Amino acid sequence: MDLHGGELTFVTAEGVGTVFSFELSFPEIYFDDRTEVSMRENLEIEIGNLRILIAEDNPINVLVLQKTLIRWGLVADVAENGLAALNAVSEKSYDLIFMDINMPVMGGFEASRQIRALRDPEKSKVCIYALTASIGMSIEEHPELRYLDDYLLKPFSPEQLKLKLEQVARARQST
């Protein structure tokens with residue numbers, strides 16, 4: 001309270017209760033159109049530079065995800081199974097992998113486990129978001145969840161996807 005030049009008062013009555021009140025003084029701030037635009041721009045996170053890998057075996061799901069990413073100027077590499085994703089990460093660095101859980105050859109959990117075991121710390125610490133439509137078993141309870149950073153349930157909205165991209169971009173900016 002002292003830091004803000006405030007005052008705290010209270011009135012108490014036994015058997016009735018206590019009423020607390022406070023008063024704080026803040027300087028008045030005036031905004032014009034330029035200030036509002038500037039503040040909005042500072043809140044937006046730049047996601048256009050993210051390096052993304054989509055590990056998904058369903059071509060329709062890949063197409064939907066790619067079309068959505070293109071809205072924000074993002075182009076993603078594609079791996080059709082977990083083994084192809086592991087090979088892609090071994091060859092190139094990514095900021096984010098959208099990993100389908102149920103894929104042929106190698107599933108998403110196993111691919112994520114092997115990516116985490118890579119010796120290159122940049123590659124092994126890549127952000128991995130599971131993509132899943134599975135509702136049979138809650139993904140939060142899956143024992144292999146520890147290899148993932150987060151998940152996105154299919155179908156997802158563009159807004160949900162953008163929030164996930166902003167999370168990754170924000171984390172990348174802070175490092």
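Note on residue 157/residue 72: beta-carbon distance plugged into 1/(1 + (r/R0)^6) with R0 of 22 Å gives a FRET efficiency of 0.95.
The H on the amide N of residue 79, modeled in the peptide plane, is under 5 Å from the matching H of 54, 55, 56, each at least 5 residues off or on a different chain. With every protein chain in place and a 1.4 angstrom probe, the accessible-area ranking of 162, 125, 92, 67, largest first, reads 125, 67, 92, 162. Rounded is the label for the range 53-175, because a/c, from the alpha-carbon gyration tensor with a ≥ b ≥ c as root eigenvalues, stays below 1.5. Across the cross-link table entries 67/125; 92/123; 125/164; 67/123; 125/154, which are compared at the Cα atoms, the separations over 19 Å belong to 67/125; 67/123; 125/154. Accessible-area rank, largest first, for 51, 170: 170, 51, with all protein chains present and a 1.4 angstrom probe. Taken along the Cα-to-beta-carbon direction at a fixed 7 Å, the label points for residue 117 and residue 16 span 7.1 nm. Here is the list for the range 42-98: GluC sites (Glu not before Pro) lying in DSSP coil, each with at most 11 other C-beta atoms within 10 angstrom of its C-beta, are 44. Between residue 102 and residue 23, full extension at 0.36 nm per residue minus the direct alpha carbon distance yields a gain of 22.7 nm. Summing Lys and Arg as +1 and Asp and Glu as -1 over all other residues whose Cβ lies under 15 Å from the Cβ of residue 62 gives a net charge of -3.
Counting only protein heavy atoms and using a 1.4 Å probe, what share of the accessible area of the range 57-104 belongs to carbon plus sulfur, as a whole percent? The computed percentage sits at 54.
The values are calculated or read from the model by the stated rules, or taken from the named source; none is laboratory data. Remember, predicted model here, so these are calculated numbers, not experimental data. Counting neighbours? That spans all protein chains shown, and the Cβs are built from the backbone with ideal geometry, glycine included. Side chains included, ligands, DNA and RNA excluded: accessible areas come from the protein's heavy atoms. Shrake-Rupley method; radii C 1.70, N 1.55, O 1.52, S 1.80 Å.
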